[in-house]
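The values are calculated or read from the model by the stated rules, or taken from the named source; none is laboratory data. Here the structure is a predicted model, which means the values were calculated and not measured. Positions of Cβ are backbone-derived with ideal geometry, glycine not excepted, and every protein chain shown enters the neighbour counts. Calculation scope for accessible area: heavy atoms of the full protein, side chains included, ligands and nucleic acids excluded. Shrake-Rupley method; radii C 1.70, N 1.55, O 1.52, S 1.80 Å.
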Amino acid sequence: MAITRETILEGIVSDLGREEYILAIWLEGSDGTKNLDEYSDIDLVCYTKEGFIDDAFTKLDECMRQLGQVDIAYEEPGRSTNNRYKVYHLQETSDYLLVDVTIQSESVPVSFTNEDNTVVPVVLVDKAGIVKYQNVDYMTHCSRLHNQLVRAQGIFSQRSRAVKYTKRGLFLESLIYYQKFVLNPLVDVLRILYTPFQADCFLVHATRDFPAEVVLTLENLYGAKTVQDIAERIILVEELFRNAVAEADVMLSHHYVNGER
């Protein structure tokens, strides 16, 4: 029998979901935003009672082996013991059907924001009312965005680090500092403007989240192929950044302070 997205989820939910220490299981990513296609992976979150994350991963490892031949089982190092992340892949499935699993325990708070339509949980199991929504605290959120704006301005103010390498004619050094001190802060400000509830997503889903004209502009800026390209684009970004910062300032001072968007 073919191993599909559906059979993987059915196997995990029926096997892991019946364990007493599992409190909730839900999907995020493209399942929640209804953007599934043949290249979509599976973004799964399991929520356990405190102290049972090891048991959950042991059970999940066993479940994946029962479903098929596991050829990827990579756990991201350096994560907190109460919030771990592991990627699986079954040899018999599409190369793109990675199974990204986050297992959290009760000490990790769970809350989804009503105003944010980019992170939408699809609940598969919820034994204790774990998955909850709340309205954003606009004052706190405004403060967080303001800090991001100030940080972006501080980084952009150091763009001379990129300029000097263009003058030296060194492409690789110009490129890395162009991205770090010019493009990265620009994207951070654009995130404030267009996806304020996912302001830390950088370029993830940028094509979906930004207006078409902004996407085209960014594609051009990231398409620099020579030192001269970079030098010219730095000058171009200076005006773009200045305008974006001014617009973000207006948005934060008027909309968020008044609890609006």
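Protection proxy ranking of 188-196, 67-75, 154-162, by the mean of other Cβ atoms within 10 Å over each peptide's residues and highest first, is 188-196, 154-162, 67-75.
The angle separating the long axis of helix 227-251 from the principal Cα axis of greatest extent in the chain is about 70 degrees.
What net charge is computed for the residues neighbouring Tyr178, neighbours being all others with C-beta under 10 Å from the C-beta of Tyr178, Lys and Arg scored +1, Asp and Glu -1? Walk me through the intermediate numbers first.
Values: positive: Arg159, Arg161, Lys180, Arg233; negative: Glu173, Asp229.
Once positives and negatives cancel, what remains is +2.
What share of the DSSP beta bridges in the chain is antiparallel, in percent to the nearest 5? Restricted to the chain, the bridges split so that about 70 percent are antiparallel. Calculated mean residue ellipticity at 222 nm for the chain: -14000 deg cm²/dmol, from DSSP H runs with n ≥ 4 weighted as -39500 (n - 2.57), summed, divided by the residue count and rounded to 500. Ligands, DNA and RNA left out, the accessible area of the range 49-109 computed with a 1.4 Å probe is 46% carbon and sulfur.
On a per residue basis, the range 61-189 carries 56 Å² of accessible surface, using protein heavy atoms and a 1.4 Å probe. Note on His205: accessible area approximately 110 square angstrom, rounded to 10, probe 1.4 Å, nucleic acids and ligands left out. By the equivalent-ellipsoid construction on the alpha carbon gyration tensor, the range 15-63 comes out with semi-axes of 25, 12, 8 Å, ordered largest to smallest. In this rough spin-label picture, where each label sits 7 Å from Cα along the Cβ direction, the Thr207-Val110 distance is 3.2 nm.
For the range 154-261, with all protein chains present and a 1.4 Å probe, just round the carbon and sulfur fraction of the accessible area to a whole percent.
Details: 3180 of 5820 Å².
Carbon-and-sulfur percentage of accessible area, whole number: 55.
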